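See below for the structure under consideration.
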Amino acid sequence: MSITAVNASIITIGDELLIGQTIDTNSAFIAQELNKIGVWVKRRLAVGDVYDDIWKALDEESKQSQIIIITGGLGPTADDITKPLLCKYFGGKLVVDEKVLTHVKYLFEKIFRRPGPMLERNLKQAEVPDVCTVLHNERGTAPGMLFKKDGVVFISLPGVPHEMKGLITSKVIPYLLSAFEMPAIVHFTAFTFGQGESMLAELLQDFEASLPTHIKLAYLPNYGMVKLRLTSQGDYKEEVEKELQPYFERLQELVKDFLVTNKDVGIEVVVGQILKAKGKTMATAESCTGGYIAHLITSIAGSSAYYKGSVVSYANEVKENVLSVQHETLMTVGAVSEETVKEMVSGTIKKLNVDFALATSGIMGPDGGSDEKPVGTVWIAAGNNQKVETLKLNLRFDRQRNITITANNALNFLRKFILANS
Ligand code: ATP
């Protein structure tokens, strides 16, 4: 490889990040976008709203990376100290940027429709260090700022995720592509379900040992699924892809019994793609997952083409009155039972007039378990108007994890049912 790696560091600023009040989603987004264009993210760092800590982070990271991306601390409040700090760090003075001022005034008058004169602290958002290039923030008041020092590019962005994303996509990535020559980083991902990480590692032991040193295999387990990612880098994307392809094919062959797809997507996306391709519809009846499966499915744009809706039948009364689960079933074998989820599926197919239905009922904890049905007992059913199949899970996690794992397993179970029965 003749093109040398371009390293980046991401510094996120804010006390709220350190105490866990805000989850740092900005770093994840920025890292993904940088990775796509071949920038290697060397370090990610969160610092509080402390002048010396931010200063030190800039010093330290510029020893590691040619690109430093900073988010947060640009707002109108006292704890937002980034801008004066950057001004001092790069040796400039704060001046009003007329374009930013016009934009801030426009936002307050026409969009936010704030009555009365604008506050001094809001007008101050139009001040920028005179040594920076302003990155215009269409989505908010705090502009992005680009600085250069000793061959390192520093880019400061607002912390608000929606604004940061707009700037990364429209300004930062195009700039980096024009300013740096990056090697291509290629990832190929095989998405598996139904086999744990250690068993997969056993299965792939020889394959992994046979990989050239520059091709890396990563195991990414996530709530019942394991994604296997092959990564390589080189000067040209096409060349890297061509070299990686036979290894990826071999990998898929080795895990074929557990392979869901060869794309890095969620299980809900895969189910949607299958239904769309077959022109079929589905609905859900959710007890223990409380609508979480419906949420996953409807998070995908265009899901209305195949998804009709859900009955969150949490109470027995709803299972009985809306989904026609028999009173006797609930009284004899109970809500968390194979019979109940089967009847939930049949009731949903009739009530919502769909080709396929998926139902869940279980005890998610921490209370509600018994000797016969301990916490973590879950029944799942998937079916059409001819056949209903069931799956029992015995989970052992906390409530939230139990819900997520149930939803993923349910969607995978439905996926297999549709493929086998249509
Ligand atoms: P503003 O101009 O709105 O004040 P800012 O640049 O000052 O923006 P912050 O004050 O640090 O940014 O944060 C603004 C909002 O963005 C807060 O709700 C904060 O929790 C959120 N936020 C900040 N940093 C991150 C991050 N790394 N990941 C996710 N959300 C973040």
When you go through 414, 393 one by one, which is the residue that is within 20 Å of residue 343 (Cα to Cα), within 26 Å of the chain's Cα centre (by Cα) and in contact (Cβ under 8 Å) with a residue 60 or more places away in the chain? 414
Just to verify a result, which residue in the stretch 273-305, among those that are assigned to a loop (DSSP other than H, G, I, E, B), of a type outside the set (A, V, I, L, M) and without any contact (Cβ under 8 Å) to a residue 40 or more places away in the chain, is surrounded by the most Cβ atoms within 10 Å (Cβ to Cβ)? 291
Using the structure shown, decide if residue 35 is closer than 23 Å to residue 237 by Cα, away from the ligand (no atom under 16 Å from the Cβ) and assigned to a helix (DSSP H, G or I). yes
Conditions first: (1) in contact with a strand residue (DSSP E or B) (Cβ under 6 Å, 6 or more places away or on another chain); (2) near the ligand (Cβ under 9 Å from one of its atoms); (3) over 19 Å from residue 144 (Cβ atoms). Residue 22 passes all but one, so which condition is the exception? (1)
Could you please find all residues in the stretch 1-27 being of a type in the set (A, V, I, L, M, F, W, C) and under 18 Å from residue 186 (Cα atoms)? 1, 3, 5, 6, 8
Where in the stretch 125-224 are the strands (runs of 3 or more DSSP E), entirely inside, with at least 2 residues that are touching a Phe, Trp or Tyr at 6+ places or on another chain (Cβ under 9 Å)? 133-135, 144-149, 152-157, 184-193
Against the condition within 25 Å of residue 87 (Cβ to Cβ) and part of a helix (DSSP H, G or I), how does residue 30 come out, does it pass? yes
Check the stretch 67-90 and report whether any residue there is over 15 Å from residue 163 (Cα atoms), assigned to a strand (DSSP E or B), within 30 Å of the chain's Cα centre (by Cα) and not basic (Lys, Arg). yes
Tell me which residues, restricted to the stretch 112-126, are under 22 Å from residue 156 (Cα atoms) and within 13 Å of the ligand (Cβ to nearest atom). 121, 122, 124, 125, 126
Is it the case that some residue within the stretch 132-147 is within 13 Å of the ligand (Cβ to nearest atom), at pLDDT below 95 and of a type in the set (D, E, K, R)? yes
Scanning the stretch 16-35 residue by residue, the ones that are in contact (Cβ under 8 Å) with a residue 24 or more places away in the chain and loosely packed, with under 15 Cβ neighbours inside 10 Å total 1
Do you know which residues across the stretch 394-404 are of a type in the set (A, V, I, L, M, F, W, C) and surrounded by 19 or more Cβ atoms within 10 Å (Cβ to Cβ)? 395, 403
Identify all residues within the stretch 225-264 that are surrounded by 14 or more Cβ atoms within 10 Å (Cβ to Cβ), free of Cβ contacts under 8 Å to residues at least 60 places away in the same chain and not in a helix (DSSP H, G or I); write none if there are none. 226, 227, 228, 229, 230, 231, 232
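The values are calculated or read from the model by the stated rules, or taken from the named source; none is laboratory data. Quick caveat: nothing in here was measured; it's all calculated off a predicted structure. Neighbour counts run over all protein chains shown; Cβ positions are idealised from the backbone, glycine included.
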